[in-house]
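The values are calculated or read from the model by the stated rules, or taken from the named source; none is laboratory data. No experiment lies behind these values; they were computed from the predicted model shown. Glycine gets a Cβ as well: all are built from the backbone with ideal geometry, and neighbour counts include every protein chain shown.
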Amino acid sequence: MPKNIVLERLKSGRMTRREFARSLASVGLGLVALPTVAKAAPKDLLFYTWAGYDIPDIHQAYIAKYGTQPTYGLFGGTEEAFQKLTSGYNCDVAHPCVEDITRWRATGLIRKIEPDRLRNWPDLWPELFSLPGAMQEGEPWFVPFDWGNGSLLYRTDMVEIEGAESWGLAFDEKYKGRISMYDATPTVTVAALALGIDPFDFGDEDGAKIKALLMKQRELVRFYWNAPAEIQQALAAGELAVAYAWNDSVAALMKQGLPVKYMVPKEGILSWTCGLVHMANAKATDAEVYDFIDAMTAPESGKFLIEQYAYGHSNRKSFEIADQKIVADLGFSSPSDLFKSSVFETEVSPEMEQKRNKIFEDVKAGIN
């Protein structure tokens, strides 16, 4: 893929997490052999999902019943997916994020979920259904599947924390030249949280404060990263002391035995959650769609997600059967507590998204 297209897609949202997850899955992880005899007659279910989720490991129960994988369609960001779907693309199950659900429902893309048809429904984290958009007029239109975090990962042998952990560490002049931030708008979110400003809804005056703080941080940042491997290598080499990171970087560095810690800031850790929707134009039978969703939300699917992708899963039982050291290292020992301290990504207006993007691009270009 040409570099300019890669960078464009990297900045579109969470695509990097999934692409790198896919790389993790392809290195040292063999695909599970598929049954040779089908036990049911599938209608060639089409699953429209992020790159990295087109693998059999996360829906084994479906494969066991139907003897085959679904057909996959891949997208790099949910805006890309939305535009393609509203242009006539057909699929049976899609994988948007919670902040997308209101718009997807309003445009008639999805059907209401029938919880009684899902065996794993009672075991899903109730906190994920309390997020804006997950429930519409008291009814579910979305089944949570995966979730994760964005926070500061730091070398405990290089960083001294005084008092409560805070996003303020990312702006500490003591670590000038040893800080790295993500090359996208979550960096604006971090600055807003450090200032006590709502990162998803602020006016011009608060926007100016956010920009001023980021301009000061610009002089402290060694580089803005695009790929997790960049910060993993720099933290391992001691070139960085602090970096904004996702869960996969935490897992990768802990596996190397490095002295690192993933922060739960007092202002709130950033969190995201994505899930599964039943498409209004689905061609597969309802039975097959619900069998697939049930397989994706099974504890065994979550075990794989936690251990191999370093993401959280919607099924509470997944955390009981996953490797407990990995669960602890990722900070997943008490997801309920983590949810309470989370600032979840949420839908923003086009105007707000434009404002956030302009702040970040101006800062990178050094424009006051």
Residue ID - nearest to TRP272 (Cα to Cα), chosen from residues in region 324-361 that are of a type in the set (A, V, I, L, M) and surrounded by 15 or more Cβ atoms within 10 Å (Cβ to Cβ):
VAL343
Please work out if GLU267 is assigned to a helix (DSSP H, G or I), of a type in the set (Asp, Glu) and at pLDDT 95 or above.
no
From ALA310, ALA328, ALA284, residue being touching a Leu at 6+ places or on another chain (Cβ under 8 Å) and at pLDDT below 95
ALA310
Please pick out the residue among GLU173, GLU137, GLU165 that is charged (D, E, K, R) and at positive phi.
GLU137
Counting only residues that are among the polar types (S, T, N, Q) and touching a helix residue (DSSP H, G or I) at 6+ places or on another chain (Cβ under 6 Å), which one in region 315-332 is nearest to PHE145 (Cα to Cα)?
ASN315
Scanning region 98-113 for residues that are more than 22 Å from the chain's Cα centre (by Cα) and not hydrophobic (A, V, I, L, M, F, W, C), which turns out farthest from PHE292 (Cα to Cα)?
THR107
For region 162-189 the number of residues that are touching a Leu at 6+ places or on another chain (Cβ under 8 Å) and modelled with pLDDT under 95 is 3
Considering only residues that are among the basic types (Lys, Arg), closer than 22 Å to TRP147 by Cβ and buried (at least 16 other Cβ atoms within 10 Å of the Cβ), which ones fall in region 104-122?
ARG105
Quick test of your reading of the structure: GLU205 fulfils all but one of (1) crowded, with 19+ Cβ neighbours inside 10 Å; (2) under 14 Å from ILE359 (Cα atoms); (3) without any contact (Cβ under 8 Å) to a residue 40 or more places away in the chain. Name the failing condition by number.
(1)
